[in-house]
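Read the structure below first, then the notes.
The values are calculated or read from the model by the stated rules, or taken from the named source; none is laboratory data. Fair warning: this is a prediction, and the values are worked out from it, not measured in the lab. Heads up, the Cβs are rebuilt from the backbone with ideal geometry, glycines too, and the neighbour counts pull from every protein chain shown.
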Amino acid sequence: MAKWGEGDQRWTVGKRAGVTNVNNCCWWRDVTSWSQDAVNILLLGIRVEGEEGSCEITDISNIDGEASINNRKGKLIYFYKWVVKANWTGESSVCTLNIITE
C-alpha cells in the first residue's frame, strides 16, 4: 500500500500509455453556445391564439445560463438552466389595459 501523497502507479490514470475511454463510455460536452442559438430560434416568432386573445414573442432581449450533455454508461443526461427575457405583444378580448407614463 502506498504512503499518503506518494500515489500508487496501479491506480494513477493520468498520462499513462494504454489508458483509453473504452467504447466511448463516459464523456461530457458543453453545449451552451449551441443551445443559446437554438432557444433563440425556437422562441422567436411563437404566436399563441385562443378565445381570450393572442400573444406573440417579438424579441429575445437576453438569454443567460448554461447547458451540457453527459454520457454515463450509455445514457445521455442533459443539464440546463436558462433565464430568458423576451418582449411580446398581445391582444385580449377579456380586459383592456391602459398604461400611462409621464
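Of all residues in the range 35-75, those being over 26 Å from SER92 (Cα atoms) and in contact (Cβ under 8 Å) with a residue 40 or more places away in the chain number 9.
Residues checked against (1) modelled with pLDDT of 90 or more; (2) in contact with a strand residue (DSSP E or B) (Cβ under 6 Å, 6 or more places away or on another chain):
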| site | (1), (2) |
| --- | --- |
| GLY14 | no, no |
| THR20 | no, no |
| VAL31 | yes, yes |
| GLY45 | no, no |
| ILE63 | yes, yes |
| ILE69 | yes, yes |
| TRP82 | yes, yes |
| ALA86 | no, yes |
| SER92 | no, yes |
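Quick test for you: out of ILE63, ILE77, ILE57, pick the one residue that is surrounded by 10 or more Cβ atoms within 10 Å (Cβ to Cβ), within 30 Å of CYS26 (Cα to Cα) and touching a helix residue (DSSP H, G or I) at 6+ places or on another chain (Cβ under 6 Å).
Matching residue, one of ILE63, ILE77, ILE57: ILE63.
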